[in-house]
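Single-structure report; data block below.
The values are calculated or read from the model by the stated rules, or taken from the named source; none is laboratory data. Quantities reported herein were computed from a predicted structural model and do not represent experimental measurements. Methodologically, a virtual Cβ is constructed for each residue, glycine included, from the backbone with ideal geometry; neighbour enumeration extends over all protein chains shown. Just so you know, the surface numbers come from the protein's heavy atoms only, side chains and all, with ligands and any DNA or RNA stripped out. Shrake-Rupley method; radii C 1.70, N 1.55, O 1.52, S 1.80 Å.
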Amino acid sequence: MRRITFVTDGLSDKSLIDALREHRFDVRIETASSVTNGRLAAADLLIFDIVDASEAIKLLRKVRLSHHPASAPVMVIAEWGTGQATLALSQGADAFERKPIDAQRLLVAIKSLLRPHMAMTAKASALTGDEE
């Protein structure tokens, strides 16, 4: 089961969380203050849904500087047309999704973002002779 951590500064969208759980993702919700205090659990994907763009960038930098270079990919959810997406991508985010976001679009984006990691895992197990 793939682990997704939502980092948020407010209430998370319950319908998004439920949809991810229905698709067999282990979803955890962390507050922005958890990241600031260094209490971010390991995950296969981090999703930042933070209203304050400067706070989101500060947290993104902290995650990128404090974790191993091969750490989990980071997706940022932000308002389109505000420059938040460009700024987040320039500071190390791996993907961006615009608000308002619906569950189906988020699922497609997550699967696409995690696909390279899934392919590498499958290939590695194939090389060791393990069945997939």
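Quick notes on this one:
- Under 5 Å from the amide H of residue 96 lie the amide H atoms of 76, each residue being 5 or more positions distant or on a separate chain, with H modelled from the backbone and absent for Pro and chain starts.
- Rounded to the nearest 20 debye, the dipole size of segment 48-96 about its Cα centre is 260 debye, using +1 on the Cβ of Lys and Arg and -1 on the Cβ of Asp and Glu.
- Calculated FRET value between residue 24 and residue 94, using beta carbons and R₀ = 30 Å, to 0.05: 0.90
- Three-way shape call for segment 14-107 based on the alpha-carbon gyration tensor, with the a/c threshold at 1.5: oblate
- Per residue, segment 2-42 exposes 56 Å² of accessible surface when a 1.4 Å probe is rolled over the protein heavy atoms with every protein chain present.
- Length added when fully stretched, residue 115-residue 55, from 0.36 nm per residue minus Cα-Cα: 18.7 nm
- Here is the list for segment 27-116: chymotrypsin sites (Phe, Trp or Tyr not before Pro) lying in DSSP coil, each with at most 15 other C-beta atoms within 10 angstrom of its C-beta, are 80.
- Modelled this way, with points 7 Å down the Cα-to-C-beta line, the labels at residue 80 and residue 65 are 3.3 nm from one another.
- Once both labels are positioned 7 Å from their Cα atoms along Cα-to-Cβ, the gap between residue 3 and residue 36 label points is 2.4 nm.
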